[in-house]
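Colleague: Below is a structure I'd like to ask you about.
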Amino acid sequence: MFDDLSKKFANQYVNLAAVEVDRYIPFVGERTISALKWIAEPLHEKVWANVNSTCVGGGVAEMLQSIVPFAKGLGVDCRWFVIEGTSDFFTVTKKFHNLLQGVEQSISLDEIFHAYLETVSQNVETTKVVGNMVTIHDPQPAAAVMSGNIYGHVLWRCHIDTSQANLRIWRFLLPYINHFDGAIFTCPEFIRSELQIPTYEINPCIDPLRAKNHRYSRAEALGVLGDLFHQHNVDPDRPIFTAISRYDVHKNQQGVIEAFKRLRDRVVPRHKPLLILVGNYATDDPEGSEMYEQVRGWVDGDPDIHAWVNVPNNDQVVGALMALARAFVHVATREGFGLVVSEAMWQGTPVIGSNVGGIRKQVVNGQTGYIVHPTDVDRIALRMKSLLENDAEREAMSAAAVEQVRQHFLLPHLVRKHLLLMRYYLEIDNRVPDFRINDLTFSEIKAALYGRTMWPISSDQLKRRIETIWNGLRRR
């Protein structure tokens, strides 16, 4: 049935081949991979569909490029579909993104009902999304859940820091979100009290087999970067600080540049550091080019600061830069997770990260880097100075950073939790996943009262709670 229906998709289907999962044994160990094979065994040929808004650029697309082949390698029929949208659609969904992260800006009813809802409707009105489990990523395709053309256990994956979400946009999206069977967040603090569905905590992760996550030696890194360094007159013998992310107001490139300038004023001349910023444009981010021009204005021709965009061989360049860097600086003002933090730590590079969102989950202050307030430019400069001048401190943090990523933020850990969710919703497992965040919810109570259970009713604790609620209702 699933194969026949999948052929009716008009939207972009990203066809990726399976990867041999044993290739990950050197990174996470044979026991972890064996356990994953056992978890996946009853899910062979079951369909896990993913829907998002772009196949290139941005962390979601990058993760799906690895998740899909890995899950296929475990025998799961993992599929990836990308909705199509106009420039107006991506402009309004970028506003959604900003508003959900607490940035005030105007948004009109015409944008919401025409550019957003009509585009989502057009994507699903003549097509069907079918899977045993369907994961809808972020706000762009969220409204599709109420189209009547998405079948299966449908989960919303929010990659955004919604802790300070604008109430107008949150209240608009809330009925759609509450229509899902569950929602996945990176951090518990991102969850709003109005949610009436089960919520789960899952960290994004990096793929150690991607070119950027190859652990580059200095010689390898210089080989990758040679032409680029020559083109931009970069001296590789000078200490380099890097800041790599989308060019976006939340990434706080202005703060990084200001901190670097203050650092340069405080160090002895023999150090002579450089700052290299690198970013890409994502197809669903129409503000990227405008933000890059602002960054160039802040650089203002400073010969010690380089701001690059859409560099060739991007993955290799990013990985090599991270490996060469004295430290990686990521002081975003809002951040759902920040995959670049784990990428830098995997290269053995300490990270100076801001105390927001998922960055706090990755950087262990004083062990794998430093946590700072994103607007405390003096503190950022001080931490940069410490890592520039103290070799012993940097080496200790380097080793700890690699191990932190190995234990918590590599691809097999991410896929494991999604497969456990799939087993749970398909009632292969009777135990609530240990990464469940909230307690029994309205949607579950309603399902139980009407005999439509979507969680293990055999759980004595949940049974007692349902009986208590039911008895209370009867007494009214």
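Just so it is clear, none of the values below were taken in a lab; they were calculated from the coordinates. For clarity, every value in this text was computed on a predicted model and none was experimentally measured. Virtual Cβ from ideal backbone geometry, glycine too; neighbours counted across all protein chains shown.
Colleague: What residues qualify as long-range amide H neighbours of Val129, i.e. H under 5 Å apart, gap of 5 or more or another chain, H built at 1.01 Å from N?
Modeller: Ile150, Tyr151
Colleague: Which order results if Ile428, Ile107, Ile244, Ile177 are arranged by neighbouring Cβ count within 10 Å, fewest first?
Modeller: Values: Ile428 15, Ile107 19, Ile244 25, Ile177 22.
So the residues, fewest neighbours to most, are Ile428, Ile107, Ile177, Ile244.
Colleague: Related question: Between Leu167 and Arg296, what FRET efficiency follows from the Cβ-Cβ distance if R0 is 35 Å, with the result rounded to 0.05? Mind showing how you got there, number by number?
Modeller: Working: r = 35 Å, r/R0 = 1.00.
With R0 = 35 Å, the Cβ-Cβ based efficiency is 0.50.
Colleague: Here is a further query. For His153, His250, what's the fewest-to-most ordering of other Cβ within 10 Å of each Cβ? Show your work: numbers first, answer last.
Modeller: Working: His153 19, His250 22.
Ascending Cβ contact count within 10 Å gives the list His153, His250.
Colleague: For every helix of n ≥ 4 consecutive DSSP H residues, a contribution of -39,500 (n - 2.57) applies; sum these over the chain, divide by its total residues, and give [θ] at 222 nm rounded to the nearest 500 deg cm²/dmol. Intermediate results must be reported in sequence, preceding the final value.
Modeller: Values: 18 runs with 199 residues, N = 476.
Roughly -12500 deg cm²/dmol at 222 nm, from the helical runs in the chain.
Colleague: For every other residue with a beta carbon closer than 11 angstrom to the beta carbon of Glu104, add +1 if it is Lys or Arg and -1 if Asp or Glu, then tell me the sum.
Modeller: Numbers: positive: Lys95, Arg168; negative: none.
Neighbourhood net charge equals +2.
Colleague: Report the far tail of the P(r) of the chain, meaning the percent of Cα-Cα pairs longer than 40 Å. Numbers along the way, then the final one.
Modeller: Values: 25302 of 113050 pairs.
Cα-Cα pairs in the chain separated by more than 40 Å: 22 percent.
Colleague: Right, here's the next one. Using amide H atoms built 1.01 Å from N in the peptide plane, name the residues 5+ places from Val154, or on other chains, whose amide H lies under 5 Å from its own.
Modeller: The list, which skips near neighbours in sequence, is Val134, Asp181.
Colleague: Counting only chymotrypsin sites (Phe, Trp or Tyr not before Pro) that sit in a DSSP loop (anything but H, G, I, E, B) with at most 16 other Cβ atoms within 10 Å, what is the longest stretch of the chain containing none of them?
Modeller: Details: sites that count: Phe435, Tyr450.
It works out to 1-434.
Colleague: May I ask which residue of Gly102, Val311, Pro412 lies farthest towards the positive end of the charge dipole of the chain, with charges of +1 (Lys, Arg) and -1 (Asp, Glu) on Cβ and the Cα centre as origin?
Modeller: Ranked along the dipole, the leading option is Pro412.
Colleague: In µm²/s, what is D for region 208-272 at 10 °C and 1.306 mPa s, where D = kT/(6 pi eta Rh) by Stokes-Einstein and Rh is the Kirkwood radius from Cα pairs?
Modeller: 110 µm²/s
Colleague: Calculate one ³J(HN,Hα) per residue across region 244-251 by plugging θ = phi - 60° into the Karplus curve 6.51 cos²θ - 1.76 cosθ + 1.60, and present them in order as whole Hz with x for glycine and proline.
Modeller: 10, 5, 4, 7, 8, 4, 6, 6
Colleague: Compute, for the chain, the length of the dipole vector about the Cα centre, with Cβ point charges of +1 (Lys, Arg) and -1 (Asp, Glu) only. Units Debye, rounded to 20. It would help to have the intermediate numbers written out before the result.
Modeller: On the way: 51 positive and 55 negative charges, 271 e Å.
Roughly 1300 debye for the chain.
Colleague: Whole-Hz ³J(HN,Hα) for each residue in region 354-366, computed from phi via Karplus 6.51 cos²θ - 1.76 cosθ + 1.60 with θ = phi - 60°, x for glycine and proline: what do you get?
Modeller: Once rounded to whole Hz, the list reads 7, 8, 10, x, x, 4, 5, 6, 9, 8, 8, 4, x.
Colleague: If you add up the charges near Arg210, with Lys and Arg at +1 and Asp and Glu at -1, over every other residue whose beta carbon is less than 13 angstrom from its beta carbon, what do you get?
Modeller: -1
Colleague: Which of Arg31, Arg326, Arg431 has the fewest other C-beta atoms within 10 Å, and how do the rest follow up to the most?
Modeller: Numbers: Arg31 9, Arg326 20, Arg431 13.
With the fewest neighbours first, Arg31, Arg326, Arg431 line up as Arg31, Arg431, Arg326.
Colleague: If the convex hull of the alpha-carbon atoms of region 211-405 is projected onto planes in all directions, what is the mean projected area in square nanometres? All intermediate terms of the calculation are to be shown ahead of the outcome.
Modeller: Details: hull surface 39.3 nm².
Taking the Cα atoms of region 211-405, their convex hull projects to 9.8 nm² on average.
Colleague: What number, in percent, do you get for the relative contact order of the chain if the mean sequence gap of Cα pairs under 8 Å and at least 6 apart is divided by its residue count?
Modeller: Values: 877 pairs, mean separation 71.1, N = 476.
After rounding, I find 15 percent.
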